[in-house]
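Heads up, the thing below is written out as structure tokens.
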Amino acid sequence: MRTTACLALLLGMSWITGCGRPDEMDDRSVFRYNEAEGITDLDPAFARNLEHMWVVDQLFDGLVEMGPDMRVRPAVAERWQVSDSGRTYTFHLRQDVLFHDDPVFPEGRGRIVRASDVRYSLERIRDPITASPGRWVLDPIRPGGSGIEVVDDRTLIIRLERPFAPFLSMLAMAYCNVVPEEAIAHYGPKWRRNPVGCGPFRLFHWKEGVKLVLQRNGRYYQRDDAGNSLPHLDALAISFIKDPNAELLGLLKGELDMISGADGGAVQELLDPLGNVAPRHADRIAQVRAPALATDYLGFLMEPHGPSGGDLVWLDRRIRKAISMAIDRDGLVRYVLHGIGTPAAGVIPPGLPGSSARTLPFDPEQARQLLAEAGYPNGRGLPILRLTTTASYLDLCEYVQHQLGRIGIDLQVDVVPLSTHKEGVANGEFEFFRKNWIADYPDAENFLLLFHSANCAPLGPNYTRTRSREFDDLYGQAMIAGDEPERTATYAAMDSLLNELVPAVFLLHPEVVRFVRKEVSGLVADPMNQLDLRRVRKGQPIR
């Protein structure tokens with residue numbers, strides 16, 4: 001038996017620990033991690049940050065979900081058909097999906113999820129009044145009532161204005177999770193603190209800035225391969241400690257079950273020079289890694305005049321290419337990032353259709369020749385270049401500074417706060433900047449759009465303000481490509497063109513890295529850095 005009183009007792013601890021009687025609650029079935037950035041909202045309509053998405057995905061489910069193999073698979077919808085040359089999607093919903101028990105429902109019992117709930121959830125996202133940052137996800141849908149049609153309680157039709165291959169992947173994003181209209185109407189502004197979904201966990205307790213605890217949803221519809229009900233865990237506890245040293249200590253002492261990310265001192269403490277868990281921790285800690293769908297790059301502002309009004313020297317493509325060829329990406333990954341990451345071959349990460357298998361060339365001699373051809377032999381006469389970054393990436397940028405110095409380029413690294421960096425890059429205030437792009441959905445288009453002229457910042461993520469008619473034409477061809485091979489070939493051509501145009505220096509593709517206590521099983525890492533805890537176990541929970 002498991003009791004709410006026992007879970008309440010667990011909450012009284014600074015970290016969740018034992019609960020007394022083992023026949024009531026096995027502490028090993030409570031999964032604990034820390035979120036230093038904090039969480040301010042549990043509404044999926046505003047799940048734009050990873051820390052927000054991780055929690056929202058425990059509370060809510062959508063029509064479909066993204067598997068660890070980056071394939072879309074059923075969730076609330078058990079199956080679907082695509083017709084009308086990719087313009088019409090017909091979804092058939094499961095009959096056993098229930099919203100969490102909540103006072104907004106008769107007798108407090110969660111009701112069955114209907115097709116009308118899905119329509120309401122999607123329409124809510126694209127309603128300007130909601131002001132969801134995920135509104136763009138539904139841009140491909142035909143406007144008006146014909147765009148999203150409820151046929152009956154179990155059948156929903158979505159019609160697109162034109163074929164858009166990544167659309168199904170976009171529906172797997174947290175923005176598109178299903179919510180009940182009556183709960184939002186009832187809680188109003190307090191909905192962000194009173195989430196009602198149909199996911200594997202439900203809200204139990206939240207003290208903002210201190211602890212968030214989710215409890216197992218005993219009426220969850222999904223099962224594991226052996227037919228056992230999911231999730232296996234009894235609870236999920238999230239703390240909000242900002243000190244990275246305290247977080248690392250919590251993992252080593254067993255007060256946390258996982259820490260995520262390759263930043264800060266955890267990597268230096270936990271890994272040896274070869275990237276393996278250091279012997280002093282190997283009996284307690286394991287690492288789980290996966291190539292990330294992400295790209296780190298250095299962006300050039302490609303407008304005729306810089307923020308100061310003067311001409312930008314790197315509008316000469318030879319200088320941009322010289323900078324790219326002067327950087328040893330293999331050395332960057334090996335010596336600065338402890339072997340965590342993959343040297344870039346272009347903007348498209350490996351594993352996505354269209355990506356290249358070849359690393360971008362490292363050729364200092366060719367870089368020097370390009371500088372000489374541009375009128376700056378050994379960098380003489382070249383103005384000081386200023387690279388703007390944040391403190392988290394200072395080591396990376398100092399490595400680039402050293403590499404460019406070897407061919408005569410004087411690079412100044414300016415460190416600014418994260419908020420200043422985001423605003424400055426979006427507004428074109430920095431001439432040369434370090435940036436990272438993490439996939440919203442697993443399709444190469446999500447990276448190539450960074451250089452489509454229609455997406456020029458500040459209205460879109462084309463932060464370099466690149467404008468190339470040839471690239472735009474290829475982008476348009478890819479979006480209407482009739483089959484996968486044709487679209488993949490066009491993606492590859494676009495990636496190659498960017499390597500010739502060099503609007504950015506593509507450095508590397510990061511990895512998803514998690515350090516986990518060895519008593520935890522079933523936790524995987526995937527390229528989208530999703531956190532799926534449904535199949536996770538700690539020891540052997542009592543059932």
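Each value in this text was obtained by applying a stated rule to the coordinates, not by laboratory testing. Here the structure is a predicted model, which is why all the values come from computation and not from measurement. Because the Cβ atoms are built from the backbone with ideal geometry, glycine has one as well, and the counts that use them run over all protein chains shown.
A simple spin-label model places the labels of T88 and S496 3.9 nm from each other, with each point 7 Å out along Cα-to-Cβ.
Out of every Cα-Cα pair that region 222-288 contains, those further apart than 14 angstrom amount to 65 percent. Each of V113, L394, G134 was placed along the dipole of the chain (beta-carbon charges, centred on the mean Cα), and the one lying farthest toward the positive end is V113. For the chain, the relative contact order is 18 percent, taking Cα pairs closer than 8 Å that sit 6 or more residues apart in sequence and dividing their mean separation by the residue count. Rounded, prolate or oblate, given the Cα gyration tensor of region 69-139, with a/c below 1.5 counting as rounded? Verdict is oblate for region 69-139. Structural descriptor for region 61-185: relative contact order 31 percent, calculated from alpha carbon pairs under 8 angstrom and at least 6 residues apart.
Using unit Cβ charges (K, R positive; D, E negative) and no other charged atoms, how large, in debye to the nearest 20, is the dipole of the chain about its Cα centre?
Using Cβ point charges on Lys, Arg, Asp and Glu, the chain gives about 700 debye.
Counting only residues at least eight positions apart within a chain, or on another chain, the lysines with an alpha carbon under 18 Å from that of K253 are K242, K518, K538. Mind checking which of G381, V505, Y463 is farthest towards the positive end of region 367-516's charge dipole, using Cβ charges of +1 (Lys, Arg) and -1 (Asp, Glu) about the Cα centre? Positive-most Cα among the choices belongs to G381. Treating each Cα of region 337-379 as an identical point scatterer and summing with the Debye formula, the log10 of I(q)/I(0) at q = 0.14, 0.31 Å⁻¹ comes to -0.52, -1.00. Overall dimensions of region 139-186, expressed as equivalent-ellipsoid semi-axes from the Cα gyration tensor (√(5λ), whole Å, largest first), are 21, 15, 11. Relative to the compact-globule estimate of 2.2 N^0.38 Å, the Cα radius of gyration of region 61-185 comes out at 1.03.
Note on R79 and D127: the extension gain reaches 14.6 nm, defined as 0.36 nm multiplied by sequence separation minus the Cα-Cα distance.
Shape analysis of region 478-543 places it in the oblate category; the axes a ≥ b ≥ c from the Cα gyration tensor give an a/c of at least 1.5, with a/b not above b/c. Arranged from fewest to most other beta-carbon atoms within 10 Å of their beta carbon, I409, I157 become I157, I409. Each label was represented as a point 7 Å from its Cα along the Cα-to-Cβ direction; for L394 and A185 these points are 5.5 nm apart. Using a ≥ b ≥ c from the Cα gyration tensor of the chain (square roots of the eigenvalues), is it rounded, prolate or oblate, where a/c under 1.5 gives rounded and otherwise the larger of a/b and b/c decides, a/b for prolate? Judged from the Cα gyration tensor, the chain comes out oblate (a/c at least 1.5, b/c at or above a/b).
Rounded to 0.05, the FRET efficiency of the R135 and L459 pair, given R0 = 22 Å and the Cβ-Cβ distance, is 0.95.
The modelled label-to-label distance between I480 and T155, using points 7 Å beyond Cα along the C-beta direction, is 3.2 nm. Our estimate of slack between D224 and R406, defined as 0.36 nm per intervening residue step minus the Cα-Cα distance, is 59.9 nm.
Remark: V30, V82 ranked as V82, V30, counting other beta-carbon atoms within 10 Å and listing the fewest first.
When both bridge partners sit in region 294-509, DSSP labels roughly 65% of those beta bridges antiparallel.
Measuring spread by the Cα atoms of region 315-454 yields a radius of gyration and Dmax of 15.8, 44 Å.
Here the residues V505, V416, ranked from fewest to most Cβ neighbours within 10 Å of their Cβ, fall in the order V416, V505.
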